[in-house]
Structure formats: structure tokens, C-alpha cells
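Colleague: Take a look at the following structure, please.
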Amino acid sequence: MPLPTKSQRLGLGLSGGGFRASFYHIGVLAQMAEQGLLRHVEVISTVSGGSIIGALYYLHVKKLLEAKPDSNITNQDYVDIVKTIEMDFLKATEKNIRMSTFASFSANFRMIFLNYSRSDRIAELYNNWIYQTVLGNVSNPVQMQELKIYPPSQPGFYPKIDNQGRQAKVPILVLNATTLNTGRNWEFTAQTMGEPPTSPLWDRIDKQPIRLRRADGYPDMIAVPINQQQFPLGHAVAASACVPALFDPLAVSNLYRDKEKNEDIRAQLVDGGVHDNQGVEGLLRNDCTCFVVSDAGGQLASLNNPGVDPVSVLLRVSSVLQSRVRTESLLHLFDTQGNDNVAFMNLRHGLGVRRIAWVDQKNQQSPDEVIPPNSQNFGIHPDVQDSLSKMRTDLDAFTEVEAYSLMLDGYRMSKGELDHFMENSRCANIKKPESLPHEENWTFLTIDVWARDPKPDYLKQLKVAQSIFGKTLLLIPWLWIPFFAAIVLALYAFWPQVLALLASSIPVTAVLLAVGLWLLNSLAPKLLKLFPFLELARPQAALAKNVLKAMLLTIGTVFIIFYLKIINPLYLWRGRIANLGLTSTQLWGEFWKWVKSGFV
């Protein structure tokens, strides 16, 4: 085997797209493990849902590479890693991480304070439920600087130099976020964090007056009053997966100060997909020239009649801009690196396209030019592929049916792409091994027969999986009976109070106060410019806003706990593969068995 050179550096990009992307990427990792590709990966650049699963995979690789000499590491070791992730990740996400961020009274109370938010809470859950148990002898929470990999007898290992000659490469992990302060990319690595250095060409285009230089390493960063030398992995992942509007920006405080303006700079980080949802820039910046890109992000849907009201137009324009960023990033990758050097998988692959002709002067129209679907070629029915591409990009609980379908899709789809890549890429040292010729016994293969020949119940579950709210009611229709019964009982119990409220009138002072508060919030930036002394009241105003938010969250906590204890388990039960295709009578029987077993 020839020694790898700089021109033979393999990079893996895992896109954003919530847990939909995470599960899809597991399938791609499974295929890469079978084909002996994972041992060659030198850079893993991840975004959002890709960061969630990419960080977990990296921890397992660290554990492997530090436990075994290079010569003893086999392809089966990587298969075993993905098999562990396949089971553990589904188990963790079944707890419904998104909803669980609101399920703690103490955490909701802490949100009164300005240094704690929903993003901090979900970061804690990532650490506790996904990352903390993988490695031994690490701090709690796991810190970014603890992620450096040191193979046996190589305490000062540096991947960019010392990977030369290794059969099992030590990868560099790049978790990508976006900073709202400058609009640039923000990277978390085991070495450092911050905005990456820019090229002279970039500097010629980007003329913003501020650039946030990043330190050479975590030990160079501030230790007090906030210790940025010990930045938690869970918080880095939370920043990368910080979906705008769903989660508050994750703040990095005290790391920068504008001496000219005598003003602190608080870096506010949001989802890395805002800047680059495929993680391509992180791969190029680390000198990769062979690429595997797993893209499970959303793509712009075609609309025959898009809304034209201001809100609809603004939302649509935002989606168009995101689509443009995605397209240009991928086109740049293919144009500069060549088609054969990129294995690219995305959730719309294998679906049909219709090219619609214009209406001519005679009011006639040519037939559509149809490119038929071909997803059957890799074992997925087109209706299934279409539904998977529209599945929600959320961080809630995914059922077995949903998770295994996404894993299977990534696994099946990537096989042909990776076969071609390994035969034609410039990475001559990467060839398909003779070992592991058989298909592994992956758990997600249990959904294979349904994905090839889908039945109504399976298609219904995939359609329901596209929704964010009300999924349990859609899958279990008889739940509407207790749902409406609860509403009727509530109205009956509080009917006198309801009547009193309907009979009363809202005081004019209350209306004026509400309007005044809204105007004050809207005009606050202008008022601060006109009356600088009001700046003194900013902390109190922010504190009051957070107090109100925490109160509302606390009130909703009771419902969240009820949902997690009753509704979430019901949804997961209905989505078990064992319950697919059962008649109503059979489902009732299985339901009562499940209830008697204690919702296990």
C-alpha cells in the first residue's frame, strides 16, 4: 500500500437536518464501515444534526484508536462502532430531547438569568444522554480539549503530520456553527474554537471592519471570570445545532473585547447550516481532496402558487437564499475537485422530475418531459424516498419505523456512490477491501421489506412523520376520544369561571398597558440612541423579559412532563416495526399487553 500524501486526504461531510440527518448519516457510516472507508477518513466536518451524530462517532473512534495499535485495528472495529451507535443513539433520542429541554422546573427557573437558555439546557442533555458514557476518565461534561486523540506510544500526535503511514487515520473533528456577530463560520475543534482564518481572496470580498481572531489553542483563552479553556462538547454541538427561532443563540462570553469602543463582544452562535449546511468549507480548509458528503438537509420545495403576503414572501425568500448557498457550495466542490473525487448522497436522489413546457400562442402545451424515478435501483420505493425527503427536521423522538427507514435509505443509497468513488477517485490508496464481503446484520435492515414494497400502514407512518405536532393523534385516532373528553371535563369544572370571563370586559388600562409594552419593546433600539442614559436600564429590562419567559415555561412544564410520560411512549409504541401492518383488533391486543407491561 503506497503511503498517503497530501493529495490523498479523505474528508467526510455530515450535513444538518435535525435527527432526520443524524439517522440518515448512521446508514451512510454503516456502508462506509462495510466498505473499509472509515479507517481512511482524516477530517470530519459536521453541521447541526450531523454534528450530533458526528461527535458521537468521533468519541468512539477516539476510544478505539487509543486502545489498539494501528496494526491491530480492523475494518470490523469500525463496523462494531456503527452497530453500537445504531442502537445507543435511537435509545437516547427516544427520550425526546427537544421536549425534555422544557421538562425541568429547576432548569426553567434558571432561564430567568441571562447566562442560561434553552440552548444551554439541550447542551446538558446531549452530554448526559449521548456523550458522557462513551469515554472513561474524562470530565463531566466532556470538554472539547479532551477530544485530542493520542494513539499508543504517541503522546504528541498531530493528525495533519503524523497520519502519514498510518492505516487507521486519526481524524480531525470540525463542528460548524454560525456567528450572528459577523455572519461568518465558527468552528469548534479539539485544538481551538472561533472564526477560521480567511484567505486573501476572501479578505478582498469581505470588507467588514471586525474580524474575530481565534486563539492557537484552548490554553491561550481566558480562564476567569468564565473559563473558556474548558468548553464543553455538548455546548459546541448545541451551538452547531442551534436552530434559529427554536433555540436561543448559544453565547460565548468574555472571549473578545472591542478596546476601541470599550465594549464587550459576546459571540452569539446559531446553527451552522445558516452558513454552510454540508460542512464543505471545513473539508476544503483542511486540505481534503477526496470527499464523501452525506446531505440530509431540506431542499427548496416547488410551489405552483406561492403566497404573496409579506410574511410568506419573507419566509420564501429566506428559503431561496438558503437553497442558493447550498447549490453554490456544492457546485464549487464539484467544479474544483472533480466529479469522481466526490461521493455525494442526498435525500432527493432517485426521485423523478417533470419538465413543464410553456403554453404557446395557440393555447396549447407540449407534454411534460419526464425523468422517471429510479430509487428502486438501490432498493427504496419512490413513494418511500419522497416521504423520507420530506420528513421533519426536528430534535424530538423518532420511532423505530422512522429511524430505521432513514438509516436504511442512507445505507442503500450510498453503496453505488461509494463503489464508484473507490474505483475512480484520486485517492489511490483507498480501495475496497477483500474482507467483509457480506452484508452485515444491521438492525435497521428489518425495515427493508417495507421500504421495497410499502404497504398503506407504513406509508401512513412516513407521511405522519413529516408533521411536527399532533403525530400521535394522527397515528392513533381513538386518542381523540379522551382528548375531547378532557376538554369537556375541563369546561364543566371551570364553567362558572368561563362564564364570568365571557361576561366581563377587559379594562381599558390593561389594553393600553399591553400596547405600551409592545411599543416599548419595538422602539427600544431607537429610544436608546435618542436617550443614551436609558442604557442603564437595559440589564433590568432584559432580566424582566427573562423572568416572564421563565414563568411561562414553568407553567408549561406540567404539560411537557405529561407529554413525555404518556404521549411520547404512545407514539414510540405505535411506531414499532412489530406493530406495522396489524389490524385494529390486533393493535388493540398489543396495546393492552403493552399497558399491562408498564409502558415498556
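Colleague: Heads up, I need the accessible area for Ser51: 1.4 angstrom probe, whole protein in place, Å², nearest 10.
Modeller: 0
Colleague: Also: Any idea of Val342's accessible area? Nearest 10 Å², probe 1.4 Å.
Modeller: 10
Colleague: Percent of accessible area on the chain owned by carbon and sulfur, 1.4 Å probe? The partial results should precede the final answer.
Modeller: Working: 18510 of 30400 Å².
Carbon and sulfur atoms account for 61 percent of the accessible area of the chain.
Colleague: Could you pull out every residue, at least 5 positions away or on a different chain, whose amide H is within less than 5 Å of the one on Cys242? Hs are placed 1.01 Å off N in the peptide plane, and Pro or chain starts have none.
Modeller: Asp271, Gly272
Colleague: How many lysine pairs in the stretch 75-164, separated by 8 or more positions in sequence or lying on different chains, have Cα atoms less than 28 Å apart? Kindly include the intermediate steps, with their values, before the conclusion.
Modeller: Working: Lys83/Lys91; Lys83/Lys95; Lys83/Lys148; Lys91/Lys148; Lys148/Lys160.
Close lysine pairs found across the stretch 75-164: 5.
Colleague: Hey, what's the chain come to in accessible area per residue, 1.4 Å probe, Å²? Before the final figure, lay out each step's value.
Modeller: Numbers: 30400 Å² over 600 residues.
For the chain, the solvent-accessible area averages 51 Å² per residue.
Colleague: How do Leu331, Leu572, Leu250 stack up against each other in accessible area, from largest to smallest, with a 1.4 angstrom probe? Spell out each step's value before the answer.
Modeller: Working: Leu331 85, Leu572 30, Leu250 0 Å².
Ranked from most to least accessible, the order is Leu331, Leu572, Leu250.
Colleague: Note the listed values [x] 23.4, 94; [y] 26.1, 85; [z] 45.0, 161, then indicate which one is Rg and Dmax of the Cα atoms in Å calculated from this particular structure.
Modeller: [y]
Colleague: Lone cysteines in the chain, going by a 4.7 Å Cβ-Cβ cut-off?
Modeller: Cys242, Cys288
Colleague: Let me ask something else. Quick one: what are the phi-derived ³J(HN,Hα) couplings along the stretch 560-568, Karplus 6.51/-1.76/1.60 with θ = phi - 60°, whole Hz, x for glycine and proline?
Modeller: 4, 4, 4, 4, 5, 7, 10, 6, 4
Colleague: Size of the stretch 242-399 along its principal axes in angstrom, Cα-based, largest extent first?
Modeller: 69, 44, 39
Colleague: Can you tell me the mean projection area, over all orientations, of the convex hull of the stretch 228-300's alpha carbons? Units nm², please. List each step's numbers first, then the result.
Modeller: On the way: hull surface 30.4 nm².
Mean orientational projected area (the stretch 228-300, Cα hull): 7.6 nm².
Colleague: Moving on. How large is ³J(HN,Hα) for each residue in the stretch 285-292, as worked out from phi by the Karplus curve 6.51 cos²θ - 1.76 cosθ + 1.60 (θ = phi - 60°), to whole Hz, x for Gly and Pro?
Modeller: 5, 9, 6, 6, 10, 10, 9, 10
Colleague: Can you tell me the relative contact order of the chain? Whole percent, Cα pairs under 8 Å, sequence separation 6 or more.
Modeller: 21
Colleague: Based on the alpha-carbon gyration tensor of the stretch 1-99 and its eigenvalue square roots a ≥ b ≥ c, which shape applies: rounded if a/c is under 1.5, prolate if not and a/b is larger than b/c, or oblate? Don't skip to the answer; put the middle values down first.
Modeller: Values: a/c = 2.32, a/b = 1.59, b/c = 1.46.
Prolate shape, in that a/c is at least 1.5 and a/b is the bigger ratio.
Colleague: Output the Kirkwood hydrodynamic radius of the stretch 321-392, Cα pairs only, in Å rounded to one decimal.
Modeller: About 15.1 Å, per the Kirkwood formula over Cα pairs.
Colleague: Please give me, ordered by residue number, the chymotrypsin sites (Phe, Trp or Tyr not before Pro) of the stretch 386-477 that lie in loop per DSSP and have at most 13 other Cβ atoms within 10 Å.
Modeller: Values: sites: Phe398, Tyr404, Tyr411, Phe421, Trp442, Phe444, Trp450, Tyr458, Phe469; in loops: Phe398, Trp442, Phe469.
Within the stretch 386-477, the qualifying chymotrypsin sites (Phe, Trp or Tyr not before Pro) (loop, at most 13 other Cβ atoms within 10 Å) are Phe469.
Colleague: Show me, for the stretch 79-85, the HN-Hα J-couplings you get by feeding each phi into the Karplus relation (A = 6.51, B = -1.76, C = 1.60, θ = phi - 60°), rounded to Hz, glycine and proline as x.
Modeller: With the stated coefficients, the stretch 79-85 comes to 4, 5, 4, 5, 5, 5, 5 Hz.
Colleague: For the stretch 331-487, compute the orientation-averaged projected area of the C-alpha convex hull (one quarter of its surface), in nm². Write out the running numbers ahead of the final one.
Modeller: Working: hull surface 63.7 nm².
The Cα convex hull of the stretch 331-487, projected and averaged over all directions, gives 15.9 nm².
Colleague: What's the long-distance tail for the stretch 284-371, i.e. % of Cα pairs beyond 15 Å? Don't jump to the answer; show the numbers that get you there.
Modeller: Values: 2809 of 3828 pairs.
In whole percent, the share of Cα-Cα pairs in the stretch 284-371 beyond 15 Å is 73.
Colleague: Further, regarding this structure: Would you calculate a helix-derived [θ] at 222 nm for the chain, using -39,500 (n - 2.57) for each DSSP H run of n ≥ 4 and dividing by the full residue count, to the nearest 500?
Modeller: Numbers: 23 runs with 273 residues, N = 600.
It lands at -14000 deg cm²/dmol.
Colleague: Can you pull the percent of Cα pairs in the stretch 68-129 with separation above 13 Å? Could you put the intermediate results ahead of the total?
Modeller: Numbers: 1318 of 1891 pairs.
The proportion of pairs with Cα distances above 13 Å equals 70 percent.
Colleague: Among all stretches of the chain without exposed GluC sites (Glu not before Pro) (DSSP loop, at most 15 other Cβ atoms within 10 Å), which one is longest?
Modeller: Numbers: sites that count: Glu260, Glu434, Glu439.
So the longest stretch without any such site is 1-259.
Colleague: Loop-only check: which trypsin sites (Lys or Arg not before Pro) in the stretch 254-332 are DSSP coil with at most 16 other Cβ within 10 angstrom? Display every interim value, and only then the final one.
Modeller: Details: sites: Arg257, Lys259, Lys261, Arg266, Arg285, Arg316, Arg324, Arg326; in loops: Lys259, Lys261.
Here the trypsin sites (Lys or Arg not before Pro) that fit, given the DSSP loop and packing criteria, are Lys259, Lys261.
Colleague: What Rg and what Dmax come out for the stretch 131-260 when only alpha-carbon atoms are used, in angstroms?
Modeller: 16.5, 51
Colleague: While we're looking at this one, here's another question. If you filter the stretch 74-181 for chymotrypsin sites (Phe, Trp or Tyr not before Pro), then keep DSSP loop positions with at most 14 other Cβ within 10 Å, what is left?
Modeller: Details: sites: Tyr78, Phe89, Phe102, Phe105, Phe109, Phe113, Tyr116, Tyr126, Trp129, Tyr131, Phe157; in loops: Phe102, Phe113, Tyr116, Phe157.
Counting only loop positions with at most 14 other Cβ atoms within 10 Å, the chymotrypsin sites (Phe, Trp or Tyr not before Pro) in the stretch 74-181 are Phe113.
The values are calculated or read from the model by the stated rules, or taken from the named source; none is laboratory data. This structure is a prediction, so every number in the text was calculated from the model and none was measured. Here the Cβ is made from the backbone with ideal geometry for all residues, glycine too, and neighbour counts use every protein chain on show. Surface accessibility is based on the protein's heavy atoms, side chains included, excluding ligands, DNA and RNA. Shrake-Rupley method; radii C 1.70, N 1.55, O 1.52, S 1.80 Å.
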